[in-house]
Amino acid sequence: MLILIIGLIAACVVLDISLFWGFLASIVVMTLTIKDKKTAFRNTLEGVRQCKSLYLIILLLGANISIWMSSGIIPTTIYYGFDKVSTVNFICFAFLVTTLLSTVMGTGLGTLSTVGLALFGIGKGFGIPEDMLLGAIVSGAFVSDKISPVSALTNLTIEVVDIDYITYFKHAIKPLLITISLCTVVYYMIGESMQTTIDTQLLMQYQETLLSNYQISPFLLLIPVAIIIMAITGVRVLRNMISVFVAGSLLTVFYQNISVISWLESVIFGYKANTGQMFIDSILKAGGIVPMIEVLSIVTAAIILNSLLNHQKTLDPIFNKILHKTTTPTSLVLKTGIISTFLTSITCDQTIGIVVPAGMLQERYKELDMNNAILARTISDTGTIIAPLEFWNVNSLIIVGITGVSTFSYAPFAFLCLLSPIVTILYTYFTQKNK
C-alpha cells in the first residue's frame, strides 16, 4: 500500500501536475481498503477540524503577498536595497535581505520569486557565480518555512503538535540564530573573495521607475517590523495577519492611490505591476487568494491522508523499527529528523513530512519529558528545510523553473538548508547534557 501511495504522488511530479491529485488518488485507494469506514471518516473529520484556522491563514497569506506589493512595501524595500548594493558584500547582503523579508512575507518560494529574483538578476550583473548567489538566496528565503509567524508551513507544524507560536519561537530561535550566524560568516568570506562590477546607471534607472510608479517611504517598513513585534509578544497569527491586511489595504487605496477595484482584483487573483520596465514588472508579480487554493487543497488532502494512514497503522512497522531502543532526547531528535526527511523525500513535498511525525511522535516526546516545541523545531530543521536540496522536490523544481539553475549547482551553496539538521541535533545534545 505504501509503495502504491508513493508511486501515485511521485507520478504527479513526473507528469508536472498538482500534488493534490496524487494525495486524492491515495485517499481513494486507502478508503477502498478500510473496513471500518465510519470510524475512519470520524477520525478524518477530527484531523481536518483541528487545523481549521490554518486554512484561513493560507488564504490570508496569498492576499497579503499582493498587499506587500500594492501598498509599496516591497517596492520600497527594493528601492533602498539598490542604494546599499554598491557598498556592501553582495552575496552576504542577498542572504540577509531574503532572510529578513521571508520572515515577514511568510513564504520561501514567494520571497524567492520576487525580491530573491531581483537580487539574483542584480548579482548576475555584478559577475557573481549564479550557483553561489542562488544558494545564498535559497538559504535566506526558506527561513520563512522555519520561523515566520505568517508561514503556512510554520503554522501547520505548530497546529498539528498543538502548541502556540510564542512557545515554538522560544525553542526554535536559538539554534536558528546559530545557523544564520554561521551562514553569514561563510557567505561574507565568499563575497570578500570576489571582485564585482556594479552598473550604477542601471540601478538608478530601476530606482527612477519605482519612484515614478509608487510612493516610496521608509515609514512603510514599519509594517514588517510590526509583524515581528506582534508575533514575539504573543499576538495570535490570524489577528496579526488580518491587521497587516487591513493596514496594507488602506495604504494601497489611500497612499498609493490604487482604485478599490484594482485592489480587489490583486487580492483575489494576484498583483501584477505595470511600470513599463520589464525587469521591475517581472519581480513585482505574485500573491492572490486564488493561487493559494491549490496550496489549501494539498494541505487538506495531506491531513486527510495522514488520518487514514494512522487509522490503518500503515506506517507503524517502519517507524517502530526506526524508533526501537530510542532512550535519549538526542537519539529521538535524530530519528525524528530521519522520519521527517524520509517522508518529505518520498512524497516530494513538505506537508506529509510535517503532519505524520508531528502526529505520531508526541507520545514519545512526552515519555522523555520533552516539550512538543522541540518536536516542532526538529521537523522544521530537518524534513521541512531540506526540500530545496532535492532535485525531485516540488520546491526545487519551481526554483529551477524560475532561475534556470539546476539543483545540483545551487544546493552545495544553500548552507542554511545543509547546516540546520546538524545544528539542531548538536543543540539538543548539548542542552540536554547541560540539564
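Only the coordinates and a few stated rules stand behind these numbers; no lab work does. Nothing here was measured: the structure is a model prediction, and the numbers come from that model. Cβ atoms come from the backbone with ideal geometry, glycine included; neighbour counts cover every protein chain shown.
A few comments on the model shown:
- Rel. contact order, % - alpha carbon contacts under 8 angstrom, at least six apart, the chain: 25 percent
- For region 187-289, applying the loop criterion from DSSP together with a ceiling of 15 other beta carbons within 10 Å to the trypsin sites (Lys or Arg not before Pro) yields Arg236.
- Relative to the longest principal axis of the Cα atoms of the chain, the long axis of helix 19-33 lies at roughly 10 degrees.
- Between Ile268 and Thr233, full extension at 0.36 nm per residue minus the direct alpha carbon distance yields a gain of 9.6 nm.
- Our coupling estimate for region 56-66, obtained by passing each phi through the Karplus curve with A = 6.51, B = -1.76, C = 1.60 and θ = phi - 60°, is 5, 4, 4, 5, 5, 4, x, 5, 6, 4, 4 Hz, Gly and Pro reported as x.
- On the basis of the beta-carbon distance and an R0 of 41 Å, Thr328 and Tyr80 show a calculated FRET efficiency of 0.25.
- Computed extension gain for Val246 through Lys321, at 0.36 nm per residue and net of the alpha carbon distance, reaches 22.0 nm.
- Filter on Lys35/Lys146; Lys170/Lys285; Lys170/Lys272; Lys146/Lys321; Lys35/Lys325; Lys146/Lys272 - keep pairs with C-alpha separation over 31 Å: Lys35/Lys146; Lys170/Lys285; Lys170/Lys272; Lys35/Lys325
- Student exercise, the chain dipole from Lys, Arg, Asp, Glu Cβ charges, in Debye to nearest 20: 1260 debye
- FRET efficiency for the pair Phe430 and Val14, taken as 1/(1 + (r/R0)^6) with r the Cβ-Cβ distance and R0 = 45 Å, rounds to 0.60.
- Neighbour counts of C-beta atoms inside 10 Å place Arg49, Arg42, Arg377 in the sequence Arg49, Arg42, Arg377, starting with the fewest.
- In angstrom, the C-alpha Rg and Dmax of region 1-98 are 22.2, 67.
- Rounded to 10°, Cα long-axis angle of helix 394-403 versus longest principal axis of the chain: 20 degrees
- Computed about the Cα centre, the dipole magnitude for region 53-291 is approximately 360 debye when only Lys and Arg (+1) and Asp and Glu (-1) carry charge, each at its Cβ.
- Relative contact order (%) - criterion: Cα under 8 Å, at least six apart; region: region 53-291: 35 percent
- Computed over the Cα atoms of the chain, pair by distinct pair, the Kirkwood hydrodynamic radius stands at 22.3 angstrom.
- FRET E, pair Leu45, Phe391, Förster distance 30 Å, beta-carbon r, rounded to 0.05: 0.20
- Distance between the 7 Å Cα→Cβ label points at Lys38 and Phe279: 6.7 nm.
- The magnitude of the dipole of region 93-199, with charges of +1 and -1 set on the Cβ of Lys/Arg and Asp/Glu and taken from the Cα centre, is near 160 debye.
- Net length gained if the chain between Lys124 and Ile398 were fully extended (0.36 nm per residue, minus Cα distance): 96.7 nm
- Calculated Rg and Dmax of region 279-380 using C-alpha coordinates, Å: 16.8, 56
- Judged by the gyration tensor of its Cα atoms, with axes a ≥ b ≥ c, region 53-291 is oblate; a/c meets the 1.5 cut and b/c is at least as large as a/b.
- Relative to the longest principal axis of the Cα atoms of the chain, the long axis of helix 130-141 lies at roughly 70 degrees.
- Since only Trp263, Phe82, Gln215 are under comparison, the one whose Cα sits farthest along the positive direction of the charge dipole of the chain, derived from C-beta charges on Lys, Arg, Asp and Glu, is Trp263.
- Spin-label zone in region 309-332 - amide nitrogen under 20 Å from a point set 7 Å from the Cα of Ile3 along the C-beta vector: 309, 313-322
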